[in-house]
Amino acid sequence: MLLEVKDINVHYGKIAALKGISLEVNEGEIVSLIGANGAGKTTTLKTISGLRPLTSGKILFNGEDISKTPGHKRVIMGIGQAPEGRGVFPGMTVQENLLMGAYTRKDDLTKDLDEVYGLFPRLAERRSQFGGTMSGGEQQMIAIGRALMTKPKVVLLDEPSMGLAPMLIAQIFSIIKEINSRGTTVLLVEQNAQQALKLSDRAYVLETGRVVKSAPGKDLLNDPSVREAYLGGH
Amino acid sequence: MLQDFLNQILPSTVGGLVIGSIYALVALGYTMVYGVLRLINFAHSEIFMIGTFASLVLLTAIAPAAPATFGIAMIGTLLLCMVVSAIASGGAAVLLETVAYRPLRKRGATKLAALISAIGASIFLQELFALEIIPWLTDKPGRNQASAPRFVPRDELFHIGNAAVRLDHVIVIIAAVLVMIALDQTVSKTRIGRGIRATAQDPEAAVLMGVSIDNIVRVTFLLGGAMAGVAGALYLMEIENTVFNVGFVLGIKAFTAAVLGGIGNLRGALLGGIVLGLIENWGAIFLGSQWKDVIAFTVLVIVLMFRPTGILGESLQRARA
């Protein structure tokens, strides 16, 4: 198992954001977390990448306990993330943003850079434009491309479709599939449950800081209660 | 009145550029720390003070009776002063961060708590130097002004109109510009510089790139402190005396310069320092030099009314430098 989250609790001050969440991600899978606003999806990702401290519980990566490992070291171990709100460096060019993903690496980057530009030809056209001046979809491409530049074993994607036009959403989802088929495990957080479930090997449904359901993506697509709550009810 | 102004404008400009260069060097430390931590490091003025004393101790030790002449020895002494002061101030800044700011940050204290800690550290350092360290360094009461031996001659190199430009003026301006170019290149071209910019623009995203915020903060204090140290060395060479609270007004002026130029922006600090130095010297022609501080802060208020983000109006988040 690549990533194992065991009964984690996370607090913001006195408020419990995660109340005993457990989940597993196997190598090569696409796993989704779906749920309403405030269910704890983003917090779960941030806790896995080390941006939020645990109150209790454990996170194992490749069998190793990383619960106390600082976030910047988890990147080196192989956990990449495209964060909520994209987190593009506005004062850096597209290329500088992508190179930030390789901040800890000392090997040759040309091949990886070419690969990212291959996935996102739009970024190749605009490599010397400042990140802050790009559109939402382009910024999302930067965020995903930058996460890939860290050479992750698992990439955590936080709402990659948020605020994008339908055509762009379809494009982003097909790129996620492509990334996965090239060998990177994906843990995806989405409000766009329909699309996410179609793509996923497995998915977890979160409600107010707890996992209320977990099953293969296709099963959840046909699950009446999930359809009712997250897929518009029909 | 107009005749006075015409007579004095050029000499005042030279004086303004000299003191403005020193403001600019000190302003860099405020602006860098603000860019990375959103913290006004009020104790930065004491980091500058430590730089002046590091050079004072060095000069007293190596040049007690040497005549001030231009030559290899003078240049060597100058460089040594700058290096020693940069090390002393840079080291003190790192220590300050470790003791006064880091523990608060780790416990998630508010920015306001960090600001109070900064003011406390400023007063603590002033009094520590006045009560213990300066008497120990100079064998004189800690609140007295301490004078430094002259090692750079006041030779007039050339005239611009009726303004005499002396060797010491040229040294301050050239040294400040060279050091600032080095810093600018470090921040824009090196790996650690990219880490600093990334942290200033989005600290969480920086962590996700593998940037250690703790390291970046330490380096930022080190670089900003070293700049203040170089400023301290140049100040001592130019003014030839220092005192435990030398940093107080100068520090506030340098902070003003940083805000004037656009806080968080390295080139803004340079611009703000020079503009502030010039304006207070020009204003003094009309009102007398006792009005310098009033002029400086009046200008700050006026500029901020019309351009709240400072002259360059952008911060380290957006600026390339």
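The values are calculated or read from the model by the stated rules, or taken from the named source; none is laboratory data. If you're wondering where the values come from, they're calculated on a predicted model, not measured in any experiment. Here Cβ is always computed from backbone atoms with ideal geometry, including for glycine, and neighbour counts include all displayed protein chains. These area figures cover heavy atoms from the full protein model, side chains too; ligands, DNA and RNA do not enter into them. Shrake-Rupley method; radii C 1.70, N 1.55, O 1.52, S 1.80 Å.
How would B:Ile19, A:Ile176, B:Ile252 rank on accessible area, largest to smallest, probe 1.4 Å? Please list the in-between numbers first.
Working: B:Ile19 35, A:Ile176 0, B:Ile252 55 Å².
So the residues, ranked largest to smallest area, are B:Ile252, B:Ile19, A:Ile176.
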Of the accessible area of the stretch B:24-245, computed with a 1.4 Å probe and all protein chains kept, carbon and sulfur make up a percent value of 68
Reachable aspartates and glutamates from A:Lys106, Cα under 19 Å, same-chain residues fewer than 8 places away excluded?
A:Glu96, A:Asp114, A:Glu115
Using a loss threshold of 30 Å², tell me which positions in the stretch B:175-209 are less accessible in the complex than in their chain alone. Probe radius 1.4 Å, ligands and nucleic acids ignored.
B:Arg191, B:Arg194, B:Arg197, B:Ala198, B:Gln201, B:Asp202, B:Glu204, B:Ala205, B:Val207, B:Leu208, B:Met209
Under 19 Å from the Cα of A:Lys19 - aspartates and glutamates, other chains or at least 8 residues apart:
A:Glu4, A:Asp7, A:Glu207
PRE reach from A:Lys68 (point 7 Å along Cα→Cβ): which of the stretch A:1-38 fall under 20 Å by backbone N?
A:4-11
Under a GNM of chain B (C-alpha, springs under 10 Å), which listed residue has the highest mean-square fluctuation: B:Val243, B:Val18, B:Val26?
B:Val243
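Of all DSSP beta bridges in the protein assembly as shown, what percent run antiparallel (nearest 5)?
On the way: 28 of 47 bridges.
The antiparallel proportion sits near 60 percent.
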How large is the charge dipole for the stretch A:3-230, taken about the Cα centre, if only the Cβ atoms of Lys, Arg (+1) and Asp, Glu (-1) carry charge, to the nearest 20 debye?
480
Normalised by the number of residues in chain A, what is the relative contact order in percent for Cα pairs under 8 Å and 6+ residues apart?
27
I'd like to verify something in chain B: which complete DSSP H helices, judged by Cα projection on the helix axis, reach 20 Å or more and average at least -0.5 on the Kyte-Doolittle scale?
B:2-37, B:44-62, B:72-96, B:111-128, B:167-189, B:213-239, B:246-261, B:266-287, B:292-306
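Which semi-axes, in whole Å and largest first, does the equivalent ellipsoid of chain B have when worked out from the alpha carbon gyration tensor as the square roots of 5 times its eigenvalues? Walk me through the numbers before you get to the answer.
Working: eigenvalues 189, 119, 71 Å².
Sorted largest first and rounded, they come to 31, 24, 19 Å.
Using the heavy atoms of the protein chains alone and a 1.4 angstrom probe, what is the accessible area of chain A per residue in square angstrom? Walk me through the numbers on the way to the answer.
Details: 9830 Å² over 234 residues.
That works out to 42 Å² for each residue.
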Between B:Ile239 and B:Val99, the two model label points (7 Å from Cα along the beta-carbon direction) sit apart by a distance in nm of 2.3
Tell me which aspartates and glutamates have Cα within less than 19 Å of B:Lys140's Cα, excluding those fewer than 8 residues away on the same chain?
B:Glu127, B:Glu132, B:Glu240
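What's the buried accessible area, both sides, between B and A using a 1.4 Å probe, rounded to 100 Å²?
Numbers: alone 14740 and 10830 Å², together 23510 Å².
Summed over both sides, the interface buries about 2100 Å².
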Given a 1.4 Å probe, the accessible area of chain B per residue, as a whole number of Å², is 43
Place +1 on the Cβ of every Lys and Arg and -1 on the Cβ of every Asp and Glu in the protein assembly as shown, take the dipole about the Cα centre, and give the residue among A:Ser67, B:Ile134, B:Gly195 whose Cα lies farthest towards its positive end.
A:Ser67
Test of understanding: in a Gaussian network model of chain B with alpha carbons linked when under 10 Å, which of B:Gly273, B:Gly232, B:Gly120 would top the mean-square fluctuation ranking?
B:Gly120
What area, in nm² and to one decimal, does the C-alpha convex hull of chain A cast on average over all directions?
12.3
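In square nanometres, what is the average projected area of the Cα convex hull of the stretch B:123-221? Numbers along the way, then the final one.
Numbers: hull surface 44.5 nm².
It is 11.1 nm².
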Share of accessible surface on carbon and sulfur in the stretch A:98-234, whole %, 1.4 Å probe and ligands ignored, is 52
To the nearest whole number, what is the average tally of beta carbon atoms from other chains within 10 Å of the beta carbons of peptide A:49-56?
1
Per principal axis, descending, Cα span of the stretch B:9-135 in whole Å:
54, 40, 23
Starting from the Cα-Cα distance between B:Arg154 and B:Leu167, subtract it from 0.36 nm times their residue separation and give me the gain in nm to one decimal.
4.1 nm
Just grab the label-to-label distance for A:Ser135 and B:Asn7, each label 7 Å out from Cα along the Cβ direction, in nm (one decimal).
6.7
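Determine, from the Cβ-Cβ distance of B:Ile181 and B:Arg38 and an R0 of 45 Å, the FRET efficiency 1/(1 + (r/R0)^6), rounded to the nearest 0.05. List each step's numbers first, then the result.
Numbers: r = 27 Å, r/R0 = 0.59.
With R0 = 45 Å, the Cβ-Cβ based efficiency is 0.95.
For a distance above 29 Å, tell me the whole-number percent of Cα pairs in the protein assembly as shown that qualify. Numbers along the way, then the final one.
Values: 91940 of 153735 pairs.
That fraction is 60 percent.
To the nearest 20 Debye, how big is the dipole of the stretch B:132-234 about its Cα centre, given +1 on the beta carbon of each Lys and Arg and -1 on that of each Asp and Glu? Numbers along the way, then the final one.
Details: 10 positive and 9 negative charges, 21 e Å.
For this selection, approximately 100 debye.
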Per residue in the stretch A:74-91, which ones lose no less than 50 Å² of accessible surface when going from chain alone to all protein chains (1.4 Å probe)?
A:Phe89, A:Gly91
